[in-house]
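A.B. asks: Take this structure, written in structure tokens, and hold onto it; I'll ask about it next.
The values are calculated or read from the model by the stated rules, or taken from the named source; none is laboratory data. None of the values given here were measured: they were computed from a predicted structure. When we count neighbours, we look across all protein chains shown, and the Cβ atoms used for this are built from the backbone with ideal geometry, even at glycine.
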Amino acid sequence: MSAHGVISLPTARTNPFDPPPELAGLRARSPLCRLRYPDGHLGWLITSYDLARKVLSDPRFSARSEIKRVPSVRTSLDPFYGAPALPGWLVDMDPPQHTSIRRRLAKAFTVQRMKTLRPRIERIVADQLAAMARAGDPADLVASFALPVPSLVICELLGVPYAERAGFQRDSATLFSLKATAEQAVRAMADLDAFLTELAVHKRRQPEDDLLSVLTADGELSIAEVAGVAALLLSAGHETTAGSLGLGVFALLSHPDQLARFMADPGLADAAVEELLRYLTIFQFGVPRAPLEDVPLAGEIVRAGESVTISLPAANRDPERFTDPDRLDIGRSPGGHLAFGHGIHQCIGQNLARTEMRIAFPALLRRFPGLRLAVSPQQVLLGQDRGFYGVHQLPVRWS
């Protein structure tokens with residue numbers, strides 16, 4: 001913290017599973033503190049659970065991309081923030097535009113729809129585990145399991161050919177990279193948009209049983225909006241779940257007591273997934289918002305247009321909400337965590353992500369009960385260079 005009480009966002013981790021330790025100290029002093037953004041703008045950082053929920057559900061705080069700033073140096077977002085949202089990118093919109101698009105997507109992600117998809121997800125998981133077993137160990141769990149499972153699932157849901165995965169995985173990785181230049185991000189977005197626009201046009205002519213066909217047949221969204229929605233769901237839909245699966249396995253293998261509990265009691269799967277989501281909170285730099293008017297908050301006045309970053313990792317480690325929050329405890333009931341955000345922008349794909357993880361973690365540990373790291377924990381390459389935290393690779397053995 002500076003002499004004037006203004007900070008830059010802490011990003012350095014001392015433990016691969018914990019957020020930067022400075023966040024806890026900031027939260028203990030005040031849930032709202034002054035934050036200096038990379039462009040020099042003076043805004044705010046929120047670190048407490050209650051204040052995070054309050055702001056995320058307050059319609060006075062806008063998610064529009066025109067007024068968003070990110071608290072970390074991320075040139076890949078420069079072309080997209082400070083400008084109107086791309087067609088279909090509802091995460092960068094406020095009502096009524098956001099409401100209209102989200103309503104059209106909601107039916108595809110209900111709990112009931114997930115029950116219908118469950119057998120297919122189970123088959124995808126089983127097939128990937130069989131392929132791992134055939135190839136033998138050691139294996140990179142990210143390349144052989146954590147990445148292909150959600151990629152296959154979101155492709156099936158949307159109606160995107162999995163054979164095209166090399167292109168959309170490359171473009172998605174560029175969009176979420178902290179190292180990508182603005183030019184690289186623009187090119188990646190253009191390539192992804194061109195691919196999905198062509199596919200949406202094809203689905204309109206020859207519809208199938210998938211979400212892209214439903215959206216194009218609906219007629220309420222333009223082809224550009226359908227392609228944009230598909231780009232958002234395809235990129236975020238596999239990157240985030242892949243990150244949660246890879247990092248979640250790393251966390252379990254690094255906490256033998258919790259791993260043993262998980263393997264001994266399959267009934268803990270649902271609670272374990274929720275606890276891993278809370279404990280790891282892979283959206284590592286927070287959620288950006290900006291008030292459209294002056295708002296009194298935690299004894300301060302947040303002025304219209306001032307950027308606010310809600311630190312989800314800090315909020316999910318708040319001891320006022322979660323007992324002993326820095327301990328991984330797969331038996332706890334961490335309901336209400338903010339790993340998927342909160343309010344009208346809460347992740348629309350959360351039911352899908354939960355279903356995938358509730359199937360994938362137990363299936364992996366049943367198939368490979370001797371699963372262990374093939375390298376020391378210190379050698380695991382962490383994904384701190386991405387908007388979504390995770391591991392780049394996770395070398396494992398089981399025989």
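A.B. asks: Within the set of pairs 6+ apart or on separate chains, which have a first residue in segment 155-179 that is on the phi > 0 side of the Ramachandran plot and in contact (Cβ under 8 Å) with a residue 12 or more places away in the chain, a second that is crowded, with 21+ Cβ neighbours inside 10 Å and part of a helix (DSSP H, G or I), and C-beta atoms under 7 Å apart?
C.D. replies: Here the result reads Gly159/Lys203; Gly159/Leu211; Gly159/Leu212, each pair linking segment 155-179 to a residue that is crowded, with 21+ Cβ neighbours inside 10 Å and part of a helix (DSSP H, G or I).
A.B. asks: So which of Pro150, Pro207 is under 29 Å from Val396 (Cβ atoms) and touching a helix residue (DSSP H, G or I) at 6+ places or on another chain (Cβ under 8 Å)?
C.D. replies: Exactly one residue qualifies, and that residue is Pro150.
A.B. asks: To continue, here is another question. May I ask you to list the residues in segment 1-55 that are among the basic types (Lys, Arg) and out of contact with any Ser or Thr (no Cβ under 6 Å at 6 or more places or on another chain)?
C.D. replies: Hits for segment 1-55 are Arg13, Arg29, Arg34, Arg53, Lys54.
A.B. asks: List pairs: first in segment 355-377 and closer than 20 Å to Leu268 by Cβ, second acidic (Asp, Glu), Cβ under 8 Å, 6+ apart or cross-chain?
C.D. replies: If the second residue must be acidic (Asp, Glu), the pairs left are Arg358/Asp270; Ile359/Glu122; Ala363/Glu122.
A.B. asks: Could you tell me which residue of segment 87-122 is modelled with the lowest pLDDT, considering only residues that are farther than 27 Å from Leu292 by Cα and among the hydroxyl-bearing types (Ser, Thr, Tyr)?
C.D. replies: Thr110
A.B. asks: Continuing with the same structure: If you scan segment 79-96, which residues turn out to be in contact (Cβ under 8 Å) with a residue 12 or more places away in the chain and either more than 23 Å from Ala190 (Cα to Cα) or in a helix (DSSP H, G or I) (or both)?
C.D. replies: Result: Leu90, Val91, Asp92, Asp94, Pro95.
A.B. asks: Can you find a residue that is in a loop (DSSP other than H, G, I, E, B) and surrounded by fewer than 16 Cβ atoms within 10 Å (Cβ to Cβ) anywhere in segment 359-367?
C.D. replies: No, there is no match, as no residue in segment 359-367 is in a loop (DSSP other than H, G, I, E, B) and surrounded by fewer than 16 Cβ atoms within 10 Å (Cβ to Cβ).
A.B. asks: Can I ask one more? When you go through Thr99, Thr116 one by one, which is the residue that is without any contact (Cβ under 8 Å) to a residue 60 or more places away in the chain, surrounded by fewer than 19 Cβ atoms within 10 Å (Cβ to Cβ) and in a helix (DSSP H, G or I)?
C.D. replies: Selected residue: Thr116, the only one of Thr99, Thr116 that is without any contact (Cβ under 8 Å) to a residue 60 or more places away in the chain, surrounded by fewer than 19 Cβ atoms within 10 Å (Cβ to Cβ) and in a helix (DSSP H, G or I).
A.B. asks: Filter segment 61-95 down to the residues that are charged (D, E, K, R) and closer than 19 Å to His41 by Cβ, then identify the one that is surrounded by the fewest Cβ atoms within 10 Å (Cβ to Cβ).
C.D. replies: Glu66
A.B. asks: Right, something else. Between a residue in segment 227-249 that is in contact (Cβ under 8 Å) with a residue 24 or more places away in the chain and more than 18 Å from Leu364 (Cβ to Cβ) and any residue that is part of a helix (DSSP H, G or I) and acidic (Asp, Glu), which pairs come within a Cβ distance under 7 Å, given they are 6 or more apart or on different chains?
C.D. replies: Ala227/Asp193; Ala231/Asp193
A.B. asks: Name every residue in segment 27-42 that is out of contact with any Pro (no Cβ under 8 Å at 6 or more places or on another chain) and either in a loop (DSSP other than H, G, I, E, B) or in contact (Cβ under 8 Å) with a residue 40 or more places away in the chain (or both), in order of residue number.
C.D. replies: Arg27, Ser30, Pro31, Leu32, Asp39, Gly40, His41, Leu42
A.B. asks: Keeping to segment 310-324, report how many residues are of a type outside the set (Gly, Ala, Ser), in a loop (DSSP other than H, G, I, E, B) and buried (at least 19 other Cβ atoms within 10 Å of the Cβ).
C.D. replies: 5
A.B. asks: Go through (1) buried (at least 18 other Cβ atoms within 10 Å of the Cβ); (2) among the β-branched types (Val, Ile, Thr); (3) closer than 21 Å to Pro79 by Cβ one by one and return the number of the condition Thr240 breaks.
C.D. replies: (3)
A.B. asks: Now a separate question. Is there a residue in segment 325-341 that is in contact with a strand residue (DSSP E or B) (Cβ under 6 Å, 6 or more places away or on another chain), surrounded by fewer than 22 Cβ atoms within 10 Å (Cβ to Cβ), free of Cβ contacts under 8 Å to residues at least 24 places away in the same chain and in a loop (DSSP other than H, G, I, E, B)?
C.D. replies: No: segment 325-341 contains no residue that is in contact with a strand residue (DSSP E or B) (Cβ under 6 Å, 6 or more places away or on another chain), surrounded by fewer than 22 Cβ atoms within 10 Å (Cβ to Cβ), free of Cβ contacts under 8 Å to residues at least 24 places away in the same chain and in a loop (DSSP other than H, G, I, E, B).
A.B. asks: Separate question: Does Ser244 satisfy the criteria of being part of a helix (DSSP H, G or I) and closer than 30 Å to Ala269 by Cα?
C.D. replies: Yes: the conditions hold for Ser244.
A.B. asks: Same structure again: Could you grab the pairs with beta carbons closer than 7 Å, sequence gap of 6+ or different chains, first residue in segment 62-75 and assigned to a helix (DSSP H, G or I), second one of a type in the set (A, V, I, L, M) and buried (at least 19 other Cβ atoms within 10 Å of the Cβ)?
C.D. replies: Final answer for the pair search is Ser65/Ala85; Ile67/Ala290.
A.B. asks: Being out of contact with any Leu (no Cβ under 8 Å at 6 or more places or on another chain) and not in a loop (DSSP other than H, G, I, E, B) is the filter; apply it to segment 138-154 and report the residue that is farthest from Phe285 (Cα to Cα).
C.D. replies: Ala139
A.B. asks: Among the residues of segment 268-281, are any under 23 Å from Cys33 (Cα atoms), modelled with pLDDT of 95 or more and part of a loop (DSSP other than H, G, I, E, B)?
C.D. replies: Yes, some residue in segment 268-281 is under 23 Å from Cys33 (Cα atoms), modelled with pLDDT of 95 or more and part of a loop (DSSP other than H, G, I, E, B).
A.B. asks: Given the structure, is Leu141 over 30 Å from Pro38 (Cβ atoms), at pLDDT 95 or above, surrounded by fewer than 21 Cβ atoms within 10 Å (Cβ to Cβ) and touching a helix residue (DSSP H, G or I) at 6+ places or on another chain (Cβ under 7 Å)?
C.D. replies: No; evaluated as a whole, the condition is false for this residue.
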